[in-house]
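Q: For reference, the structure I am asking about is given below.
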Amino acid sequence: MSLSEQYLETEDLHPIDIVENLAEHHSWDFDRIADDQIAMAVEAQWRTYSITLAWSGYDETLRLICTFEMEPPEEKLPQLYEALNKINDTCWAGAFTFWREQQLMVWRYGLVLTGGQMAGPEQIDSLIGTAVLTAERFYPAIQLVVWGDRTVEDAMQVAIAEAYGRA
C-alpha cells in the first residue's frame, strides 16, 4: 500500500497527523509536542538528527528544522560561515544556518500550502528524507572545515563527489 492510500477517504487531515503516521511507519522515535508540532529522531549514517515539523495556520506553512549539535572553536567560525555560504549556494530547497547560542547546526525549510492546499504523505516523506540526505551529504565537509583544518574549497569536494550505488 502506498503512503497516501490510507488518506484517500479523509478530508481536512492535519499535516502533523501525516507526519506522526510517517514516523510510526518508519519506526522513528517521536514526540507529538502539540497539535501543530512534532519532534522526532532519525538515525542516519553519520549521526542521529533531530527533526521538528510545525504547522503554522497563520501563514499556511509546514516548517521543518533538522538539527545536530556542533561546538566549533571560536576561531573556526569564519571558516564555518564561509562553508555554509558555499553549501547554501548548492541547495535549491532549504538552507543551513548555525545557531551559535544553542550550538546547533540547522537545516531549515518551509513548505507553503496557501489556499487550502494539502501536502500528501509522499511529499512530506520526501521533505524529511531530503533534509536528512542533505545533512548527511554536507556533514563531512563541515567537519573537515571545523576540525580537519581543510580549506572550504577542499572540504566541499567531499560533498560534491556524491557516491552512487553500493560497494
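Values quoted throughout were computed directly from the atomic coordinates according to the rules given, and no laboratory measurement underlies them. Everything numeric here is computed off the predicted structure, so don't read it as measured data. Heads up, the Cβs are rebuilt from the backbone with ideal geometry, glycines too, and the neighbour counts pull from every protein chain shown.
Q: Label-point separation (nm) for ASP31 and ALA95, each offset 7 Å from Cα along Cα-to-Cβ?
A: If labels sit at ASP31 and ALA95, their model points lie 2.9 nm apart.
Q: In nm, to one decimal, how far is the GLU122 label point from the GLU24 one, both placed 7 Å along Cα→Cβ?
A: Once both label points are built, they end up 2.2 nm from each other.
Q: Using the Cα centre of the chain as the reference point, and only Cβ charges (+1 on K/R, -1 on D/E), how large is the resulting charge dipole? Debye, rounded to the nearest 20.
A: 640
Q: May I pose another question? Quick one: which of 129-136, 27-34, 44-51 comes out on top by average Cβ neighbours within 10 Å, and what's the full order, highest first?
A: 129-136, 44-51, 27-34
Q: I would also like to ask the following. Residues with amide H under 5 Å of TYR109's amide H, sequence separation 5 or more or different chain, H placed in the peptide plane at 1.01 Å from N; which?
A: Answer set, sorted by chain and number: LEU64.
Q: How tilted is helix 15-26 with respect to the longest principal axis of the chain? Cα atoms for both, answer in degrees (0 to 90, nearest 10).
A: Helix 15-26 sits roughly 70 degrees off the main axis of the chain.
Q: Here's another thing I want to ask about it. Give me the angle, in degrees from 0 to 90, between the Cα long axis of helix 77-90 and the longest principal axis of the Cα atoms of the chain, rounded to the nearest 10.
A: Rounded to the nearest ten degrees, it is 50.
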